[in-house]
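Read-outs throughout are calculated quantities, based only on the coordinates presented, and are distinct from any laboratory measurement. The structure presented is a predicted model; accordingly, all values stated were derived computationally and were not measured. Please note: Cβ atoms are built from the backbone with ideal geometry, for glycine as well, and neighbour counts cover all protein chains shown.
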Amino acid sequence: MPRSANVNRAAFLTVAAGAGAVALYRGVAWKPAAAADYSIQHSDADWMRILGRERYWILRQGGTEQPFSSPLNAETRNGTYHCAGCDLALFASRTKYDAGEGWPSFWDVLPHAILEQADHELLEARTEVHCRRCGGHLGHLFDDGPPPTHLRYCIDGLALRFVSA
């Protein structure tokens, strides 16, 4: 095989591997638990109609919005953050803080609001956070947050809806 063919093949494989990693990061391989596990259920077509393309991609396909793109990063009013899919109250504004990561972050969650699931899509083991009522993908949970919990719920802004107090 000529040298240029090897270089082109290597370049292709490098780009393909990188695209695969991006696809996994963006949640293409993510699958929610069985719909029967949730009290709010819709067909995929109905979810798409209800949520719109971007929110559907995050909540129903496990996507991740671009960091620093959510207007909720700058939200400082008192209130509650709800699931954009089913309106379940998830986080109190008093638990929100700026983790500097580019997504709304919280150090605690409201009682009985979320479910957690192991996520092994990237090289590191993570904990994925889902809405308890509709199963929507919200983001991830890390153990590097501030006191008193030392937790960081790193949540996609498009997965949330802010309700002012």
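Some observations on this one:
- Looking only at region 130-139, and only at residues there that are under 14 Å from GLN61 (Cα atoms) and not small (Gly, Ala, Ser), the one that is surrounded by the most Cβ atoms within 10 Å (Cβ to Cβ): LEU138
Here's the yes/no breakdown for (1) touching a helix residue (DSSP H, G or I) at 6+ places or on another chain (Cβ under 7 Å); (2) surrounded by fewer than 19 Cβ atoms within 10 Å (Cβ to Cβ); (3) not basic (Lys, Arg):
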position	(1), (2), (3)
ALA92	no, yes, yes
GLY100	no, yes, yes
GLU128	no, no, yes
GLY145	no, no, yes
ARG161	no, yes, no
SER164	no, yes, yes
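- For beta carbons closer than 8 Å, sequence separation of 6+ or different chains, a first residue in region 85-102 that is among the basic types (Lys, Arg) and a second that is assigned to a loop (DSSP other than H, G, I, E, B), the qualifying pairs are ARG94/ASN78; LYS96/GLU75; LYS96/PRO104.
Residue by residue, here is whether (1) in a strand (DSSP E or B); (2) not hydrophobic (A, V, I, L, M, F, W, C) holds:
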site	(1), (2)
PRO67	no, yes
LEU90	yes, no
GLN117	yes, yes
ARG133	no, yes
ASP144	no, yes
THR149	no, yes
TYR153	yes, yes
